[in-house]
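Inspection log for the structure reproduced underneath, given as structure tokens.
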Amino acid sequence: MKRSIVFSIIIFSLLFAQGCARYQSPEMLLINGKTFMMGSPADEYDRDTDEIRRQVTVNSFYIGKYEVTQKEYQGMMRENPSDFKGNNFPVENVSWFDALNFCNRLSIREGLNPAYKYDGKEIIWDRNANGYRLPTEAEWEYACRAGTNSPFNTGENITSDQANYDGNFPYAGSTPQKFLEKTSPVGSYQANSFGLFDTHGNVFEWCWDWHDYYFHEDNINPAGPVSGTFRVIRGGSWANSGVALRSAYRGIYFPDGGSDRIGIRLARNAL
């Protein structure tokens with residue numbers, strides 16, 4: 001679907017959102033901004049070349065305690081595209097455009113300024129808006145790491161008792177573990193030290209950024225390159241091996257595509 005058509009739907013949705021049924025606001029946690037080391041060290045096992053480590057500063061922001069559930073998504077969008085059905089399961093099979101659409105509808109519903117608009121050529125993110133949005137890649141990694149510098153916020157490795165992923169292919173040659181072969185209800189595993197659930201596994205989460213190698217000079221609230229082919233997805237999924245769950249791992253996907261491996265985690269500016 002062409003971007004102009006997709007974002008026409010987003011613009012139209014702002015009017016529709018005002019008439020939605022009662023909706024409970026998602027639970028958001030305040031993450032205090034800080035300078036941290038983004039990316040992976042050169043000796044991290046099975047790292048990718050686009051994970052070059054650098055010092056990055058992010059301002060304080062809010063981020064969803066959980067991945068967006070099917071109940072939340074359907075309550076706002078009047079549809080549920082997910083393959084693995086369940087009110088408290090993460091919504092999946094949503095494109096990057098669908099995620100922005102959901103953010104704008106939810107913002108209007110709550111009387112907030114939408115973060116996204118279409119200017120006839122491209123989607124513009126109003127970085128001063130107080131509405132819901134996708135996290136940047138830097139915000140996502142900072143929130144996922146929760147102060148750690150190890151491959152996972154659980155330490156040097158991760159088990160299928162700590163995250164939902166394909167335990168047949170564990171990280172760094174560990175003993176094979178269980179594989180659920182589907183998503184699990186949000187919050188099924190222990191939260192990281194920031195109180196966030198499922199930052200490793202279950203479903204990948206869309207970020208705002210186009211994918212490219214990091215620009216070292218862009219190290220204060222970076223938002224990625226101005227154009228590209230793929231948008232970044234983070235966190236790994238139920239169907240991925242352990243290596244894709246690493247805090248520094250950078251997945252990619254076409255912005256107009258959906259997958260049962262990809263969902264949404266919301267963010268907002270700190271007021």
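The values are calculated or read from the model by the stated rules, or taken from the named source; none is laboratory data. Everything numeric here is computed off the predicted structure, so don't read it as measured data. Ideal geometry is used to build each Cβ from the backbone, glycine not excepted, and the neighbour counts take in all protein chains shown.
At-a-glance table
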| quantity | calculated |
| --- | --- |
| Pair list, Cβ under 9 Å, 6 or more apart: region 147-172 residue within 16 Å of Y249 (Cβ to Cβ) and modelled with pLDDT of 95 or more, other residue among the aliphatic types (A, V, I, L, M) and part of a strand (DSSP E or B) | N149/M37 |
| Strands (runs of 3 or more DSSP E) contained in region 161-271 and holding at least 2 residues surrounded by 21 or more Cβ atoms within 10 Å (Cβ to Cβ) | 204-210, 231-234, 267-269 |
| Hits in region 234-263 - residues which are more than 17 Å from S184 (Cα to Cα) and hydroxyl-bearing (S, T, Y) | S247, Y249, Y253 |
| Residue under evaluation K117, criteria (1) within 16 Å of W208 (Cβ to Cβ); (2) assigned to a helix (DSSP H, G or I); (3) not polar (S, T, N, Q), criterion not met | (2) |
| Lone qualifier among Y213, Y249 - being at pLDDT below 95 and under 14 Å from A138 (Cα atoms) | Y213 |
| Search result, residues across region 39-70 that are exposed (fewer than 15 other Cβ atoms within 10 Å of the Cβ) and not in a loop (DSSP other than H, G, I, E, B) | Q55 |
| Residue match in region 39-48 (condition: modelled with pLDDT of 95 or more, more than 19 Å from the chain's Cα centre (by Cα), of a type in the set (F, W, Y) and closer than 26 Å to Y189 by Cα) | yes |
| Residue list for region 108-124, filter: free of Cβ contacts under 8 Å to residues at least 60 places away in the same chain and either surrounded by 22 or more Cβ atoms within 10 Å (Cβ to Cβ) or acidic (D, E) (or both) | A115, D119 |
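Residue-by-condition table, conditions (1) within 27 Å of P222 (Cα to Cα); (2) touching a helix residue (DSSP H, G or I) at 6+ places or on another chain (Cβ under 8 Å); (3) in a loop (DSSP other than H, G, I, E, B):
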{"residue": "F97", "(1), (2), (3)": "yes, yes, no"}
{"residue": "K121", "(1), (2), (3)": "yes, no, yes"}
{"residue": "N128", "(1), (2), (3)": "yes, no, yes"}
{"residue": "G131", "(1), (2), (3)": "yes, yes, yes"}
{"residue": "E139", "(1), (2), (3)": "yes, no, no"}
{"residue": "G147", "(1), (2), (3)": "yes, no, yes"}
{"residue": "N157", "(1), (2), (3)": "no, yes, yes"}
